[in-house]
Amino acid sequence: MTRKIDIFDTTLRDGEQSPGASMNTEEKLTIARELLRMNVDVIEAGFPISSPGDFKSVQEIGRLAGDDAVVVGLTRAVDKDIDCAAEALKTAKRPRIHTGLGVSPQHIHEKLHMTEDQVIEAATHCVKYAKKYVDDVEFYAEDAGRADQQFLERVVQAAVDAGATVINIPDTTGYQLPDDFGARIKGLTEHVRDIETVTISVHTHNDLGMATALALAGVKNGATQVECTINGLGERAGNTALEEVVMALKMHGDELDGHTDIVTQELTRASHLVSRITGMQVQANKAIVGANAFAHSSGIHQDGVLKARDTYEIIAPEDVGAAGSEIILSARSGHAALKHRLAELGYTFPDDEFDDIYKRFLEIADQKKEVYDEDLESIVQERQRNSTAVYSLDALQVSCGDPLVPTATATVKDEQGDTHVVCSTGSGPIDAAYKAINQVIGANVELEEFSVKAITRGIDAIGEVTVRTQSKDGKVFAGHGADNDIIVSAAKAYIDAINRTILASRAAKK
Ligand code: KIV
Ligand code: ZN
């Protein structure tokens, strides 16, 4: 039997650090539910001291996970961060505090302005301080990839001696080559006393496109926990992609001496969910979960795959959930069928909420012949967005064409329930709609990016618009809107991004 490799998901913490990928608590809970369904071992739910929203998310995810996963709160090596994380983790049955500090010359001298001895002292202190609250303490040696190896071994020794249960070795800047990173982990296993009593974790970034290779090199040399994110979301070029590590371990478990307990059939759904919630699109040729990961277009490849799938496919699509079940719902489907399918997708609602969802389902079913899982996901997410909305779109009427002047009339509802009917012309229908909306909300954001994609099949597909806006203080927010009419989707997405901007600035003032 190979070693069990723990999957530590940090989509909700490091992943959320991608510009524009910020999520509210409801959205984080939706992703956490999917992570639990997938059977991840550890969920890093947030950085509690960083904001009231992160604090609440750690609390709620702790409550949600129960015995099913370890729930982690990140801290700096600072007492008040640790106090705050310990408070947020009180709801968790299996709490872990993740604390640490930089160990590379760049971090020690340029960021922390400390001596090496002070870093060792701080490492010892933060682990001991966190141990006052919880048994399970993970120590991270930030930027270990660029640290002096002997110093790294000294810091890790101090953290082990202080009682850390997990030692996290991050290549924070994605700088290393896989063999060198592997040698670093091996060095720790050879030179740190009692290292066999703790879990070695690897946390790698993708700046040179090698995050997965680095993580696997770590596993090969003694790590038994990998820190990763769905779709490789994360700071700059991102983190190690969970789906890549999991499938590499599935394919090469013997060589790597490792296996995971991940339900791989959930990988595609998790990828879609995270992409939809964060607005970070997955490139079509992304390994494992990209739209083209199992598409064969050249004649020679098609011929090969038709003769034997494994001529050009090393993974069966169904193993990663790429060919999901096809229960087709339509306007003829009743409450029971919809409830059943939503439950299969992991969503249950009290009866009064379900009635609203059913109404929206019928509206969509009236416009389309078939309602797919992606439509249902979009209904549920739209509902979650609306439940926290400051403004919402009640109605939109647009006239455009050649030679018409594009004109939009929008009805926007505010949080007091008052409706505002506004009208504008524009250079195109979306411009007209946005200018009309600005009359109610005020144009406090710049539109940075606009993308539209069909989230279901056919010409009657639901079109999802994702926008990224920048507020006056430089903060980027993503907004989403989904509807059969892409102008309506565009207006909803714009209002969603504005709502996020307003809610974030209110939270910052608290
Ligand atoms: O990349 C990194 O070093 C981190 C640490 C905070 C674990 O994200
Ligand atoms: Zn990181």
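The values are calculated or read from the model by the stated rules, or taken from the named source; none is laboratory data. Values in this document were obtained by computation on a predicted structure and should not be read as measured data. Counting neighbours? That spans all protein chains shown, and the Cβs are built from the backbone with ideal geometry, glycine included. When the accessible area is computed, the model is the full protein with side chains, heavy atoms only, and any ligands, DNA or RNA have been set aside. Shrake-Rupley method; radii C 1.70, N 1.55, O 1.52, S 1.80 Å.
Points worth noting:
- Of all residues in the stretch 7-41, exactly one satisfies the criterion of being among the acidic types (Asp, Glu), over 9 Å from the mean Cα position of the chain (by Cα), open to solvent by 20 Å² or more (accessible area, probe 1.4 Å) and within 20 Å of PHE55 (Cα to Cα), namely GLU26.
- Within the set ALA241, ALA343, the sole residue that is small (Gly, Ala, Ser) and within 16 Å of ligand 2 (Cβ to nearest atom) turns out to be ALA241.
- Residue match in the stretch 319-331 (condition: without any contact (Cβ under 8 Å) to a residue 24 or more places away in the chain and buried (at least 16 other Cβ atoms within 10 Å of the Cβ)): no
- Residues that are farther than 15 Å from SER275 by Cα, away from ligand 2 (no atom under 12 Å from the Cβ) and either out of contact with any helix residue (DSSP H, G or I) (no Cβ under 7 Å at 6 or more places or on another chain) or open to solvent by 10 Å² or more (accessible area, probe 1.4 Å) (or both) within the stretch 218-237 comprise LYS220, ASN221, GLY222, THR224, GLN225, listed in sequence order.
- Within the set VAL398, VAL412, the sole residue that is β-branched (Val, Ile, Thr), in a strand (DSSP E or B), within 13 Å of ILE498 (Cβ to Cβ) and at pLDDT 85 or above turns out to be VAL412.
- Where strands (runs of 3 or more DSSP E) fall wholly inside the stretch 24-143, the ranges with 3 or more residues that are under 20 Å from GLY163 (Cα atoms), at pLDDT 95 or above and within 16 Å of ligand 2 (Cβ to nearest atom) are 70-74, 95-102, 137-142.
- The stretch 377-422, residues that are within 23 Å of ILE462 (Cβ to Cβ), touching a strand residue (DSSP E or B) at 6+ places or on another chain (Cβ under 7 Å) and open to solvent by 80 Å² or more (accessible area, probe 1.4 Å): ASN386, ASP394, GLN397
- Hey, ASP68 assigned by TED's automatic domain parsing to the domain that holds VAL274 and surrounded by fewer than 18 Cβ atoms within 10 Å (Cβ to Cβ) or not: yes
- Residue within the stretch 462-484 that is open to solvent by less than 20 Å² (accessible area, probe 1.4 Å), out of contact with any Leu (no Cβ under 6 Å at 6 or more places or on another chain), at pLDDT below 85 and in a loop (DSSP other than H, G, I, E, B) present: yes
- Only one entry of GLU60, GLU116, GLU110 meets the criterion of being under 24 Å from the mean Cα position of the chain (by Cα) and of a type in the set (D, E, K, R), and that entry is GLU60.
- Within the stretch 57-74, residues that are in contact (Cβ under 8 Å) with a residue 40 or more places away in the chain reach partners that are among the basic types (Lys, Arg) and part of a helix (DSSP H, G or I) with beta carbons closer than 7 Å, at six or more positions or on different chains, in the pairs SER57/LYS28; ILE61/LYS28.
- Pairs are defined by a Cβ separation below 7 Å, a sequence spacing of at least 6 or placement on different chains, a first member in the stretch 163-176 that is closer than 10 Å to PHE139 by Cβ, and a second member that is near ligand 2 (Cβ under 9 Å from one of its atoms) and of a type in the set (D, E, K, R); the pairs so defined are ASN168/GLU227.
- Residue list for the stretch 186-211, restricted to those being surrounded by fewer than 22 Cβ atoms within 10 Å (Cβ to Cβ) and either in contact with a Cys (Cβ under 8 Å, 6 or more places away or on another chain) or part of a helix (DSSP H, G or I) (or both): LYS186, GLY187, THR189, GLU190, HIS191, ILE195, GLU196, THR197
- When each of VAL452, VAL440, VAL412, VAL421 is tested for being within 24 Å of MET280 (Cα to Cα) and among the β-branched types (Val, Ile, Thr), the lone residue that passes is VAL452.
- Odd one out for PHE181 among (1) of a type outside the set (A, V, I, L, M); (2) within 16 Å of ligand 1 (Cβ to nearest atom); (3) part of a helix (DSSP H, G or I); (4) open to solvent by 10 Å² or more (accessible area, probe 1.4 Å): (4)
- Within the stretch 151-171, being surrounded by fewer than 20 Cβ atoms within 10 Å (Cβ to Cβ), not in a helix (DSSP H, G or I) and not polar (S, T, N, Q) holds for one residue alone: GLY163.
- Looking only at the stretch 352-373, residues that are surrounded by fewer than 19 Cβ atoms within 10 Å (Cβ to Cβ) and in contact (Cβ under 8 Å) with a residue 40 or more places away in the chain come to 3 in all.
- Those residues of the stretch 211-258 which are within 16 Å of ligand 1 (Cβ to nearest atom) and among the basic types (Lys, Arg), in sequence order: ARG236
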